[in-house]
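A.B. asks: I'd like to ask some things about the structure below.
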Amino acid sequence: AATVNTFKWLNARKGGSVTIPCFYDQEYRNSVKYWCKGSKRTVMVRTDSPQRNDQVSISDDPVHLVFYVTMRNLGQEDADSYWCAVKIDGVQDIFDHLQLYVLIGGQSVWTESWMSAERKGSVTIPCHYDQRYKHHVKYWCKGFRWESCSTMVRTNSPQSKGDVSITDDPNKLVFYVTMRNLREKDSDTYWCAVEINMGQDYGVFLPIVIGKEEAQERKSETHSGPTDAPTSDSEVFYSTLLHKKPAERRNVKELI
């Protein structure tokens, strides 16, 4: 069946930017691609017309069978459903759906929208947190369900386990997780988490996708300004990772 694939859920920060990859089959290398918003699938940008407006731009990379959409200066009104789309002459176009959450400035924990790295390589994830959690325990959790994710490393126990390590920098209000010797099975949803004594922990999800060749680590950031969009083999993104729904966080304030 004809396919176009992207992530199902992504976070981005208010005032920042996010780049979304939309992967497609080789037979659509020369087809028109476009980006839609909302249940009515309102077209925002297309590859065969002005490819940019004040907030959204689209660019096609037929060599890697992917097109990228970048959204800038995000506001809460941009929290919505979106669609990667490929125009198919004579038949119905193909779509894939993404839900974008726009996080306001007061959330307790935040990180990148998503990250990718290559097999046998490494990746370092920055997990930012609020000042009030400067002296709290931080940890890194694997699995798309928050309530059942598996803790890999913590800042109050051995901070390195196998190929994963964690370090906290309370002066900069950020902790870092480094994963080395990456394998394709490391593609999953992960969580930056802060332990709350006598309360529910805070966590924010981060999809990580592992490619097939050694290459420089790349990421899609949620800051203002240009975003470094990754290149990767489209097959990687056809995994079930893209179709997993991260569970609701333990504190719903993290989503609004």
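The values are calculated or read from the model by the stated rules, or taken from the named source; none is laboratory data. If you're wondering where the values come from, they're calculated on a predicted model, not measured in any experiment. Heads up, the Cβs are rebuilt from the backbone with ideal geometry, glycines too, and the neighbour counts pull from every protein chain shown.
A.B. asks: Does segment 171-181 hold any residues that are in a strand (DSSP E or B), of a type outside the set (Phe, Trp, Tyr) and within 26 Å of residue 211 (Cα to Cα), and which are they?
C.D. replies: Of all residues in segment 171-181, those in a strand (DSSP E or B) come to 174-179.
If we keep only those that are of a type outside the set (Phe, Trp, Tyr) too, we end up with 174, 177-179.
If the condition is that a residue be in a strand (DSSP E or B), of a type outside the set (Phe, Trp, Tyr) and within 26 Å of residue 211 (Cα to Cα), then 177, 178, 179 are the ones that fit.
A.B. asks: Quick check on segment 176-192. Is at least one of its residues surrounded by 15 or more Cβ atoms within 10 Å (Cβ to Cβ) and closer than 12 Å to residue 109 by Cβ?
C.D. replies: yes
A.B. asks: Got a number for residues in segment 12-42 being more than 23 Å from the chain's Cα centre (by Cα) and small (Gly, Ala, Ser)?
C.D. replies: Number of matching residues: 1.
A.B. asks: Now for a different question. Modelled with pLDDT under 90, out of contact with any Leu (no Cβ under 8 Å at 6 or more places or on another chain) and among the aromatic types (Phe, Trp, Tyr): is that true of residue 146 in this structure? Break it down into steps so the answer makes sense when it comes.
C.D. replies: Numbers: modelled with pLDDT under 90: yes; out of contact with any Leu (no Cβ under 8 Å at 6 or more places or on another chain): yes; among the aromatic types (Phe, Trp, Tyr): yes.
So residue 146 fits the description; yes.
A.B. asks: Residue under question is residue 69, and the condition is that it be out of contact with any Cys (no Cβ under 6 Å at 6 or more places or on another chain), buried (at least 20 other Cβ atoms within 10 Å of the Cβ) and over 27 Å from residue 180 (Cα atoms); does it hold? Quick ask: steps written out before the conclusion?
C.D. replies: Working: out of contact with any Cys (no Cβ under 6 Å at 6 or more places or on another chain): yes; buried (at least 20 other Cβ atoms within 10 Å of the Cβ): yes; over 27 Å from residue 180 (Cα atoms): yes.
It is true that residue 69 is out of contact with any Cys (no Cβ under 6 Å at 6 or more places or on another chain), buried (at least 20 other Cβ atoms within 10 Å of the Cβ) and over 27 Å from residue 180 (Cα atoms).
A.B. asks: Continuing with this model, one more query. Which count do you get for residues in segment 34-50 that are free of Cβ contacts under 8 Å to residues at least 12 places away in the same chain and surrounded by 17 or more Cβ atoms within 10 Å (Cβ to Cβ)?
C.D. replies: Number of matching residues: 0.
A.B. asks: Okay, next question. List every residue pair whose Cβ atoms sit under 7 Å apart, with the two residues 6 or more apart in sequence or on different chains, where the first one lies in segment 83-101 and is over 23 Å from residue 61 (Cα atoms) and the second, anywhere, is crowded, with 20+ Cβ neighbours inside 10 Å and polar (S, T, N, Q).
C.D. replies: Pairs found: 101/11.
A.B. asks: Sticking with this structure for a sec: Can you find, within segment 129-156, the residue that is nearest to residue 179 (Cα to Cα) among those that are surrounded by fewer than 20 Cβ atoms within 10 Å (Cβ to Cβ) and among the basic types (Lys, Arg)?
C.D. replies: The qualifying residue nearest to residue 179 (Cα to Cα) is 142.
A.B. asks: In this structure, is residue 122 under 16 Å from the mean Cα position of the chain (by Cα) and not assigned by TED's automatic domain parsing to the domain that holds residue 37?
C.D. replies: Numbers: under 16 Å from the mean Cα position of the chain (by Cα): no; not assigned by TED's automatic domain parsing to the domain that holds residue 37: yes.
The answer is no for residue 122.
A.B. asks: While we're on this one: Residue check, residue 126 against (1) buried (at least 19 other Cβ atoms within 10 Å of the Cβ); (2) at pLDDT 95 or above; (3) closer than 21 Å to residue 193 by Cα, all met but one. Which one?
C.D. replies: (1)
A.B. asks: Turning to a different aspect of this structure: Give the residues of segment 25-62 that are out of contact with any Phe, Trp or Tyr (no Cβ under 6 Å at 6 or more places or on another chain), farther than 17 Å from residue 81 by Cβ and among the small types (Gly, Ala, Ser), sorted by residue number.
C.D. replies: If the condition is that a residue be out of contact with any Phe, Trp or Tyr (no Cβ under 6 Å at 6 or more places or on another chain), farther than 17 Å from residue 81 by Cβ and among the small types (Gly, Ala, Ser), then 31, 49, 57 are the ones that fit.
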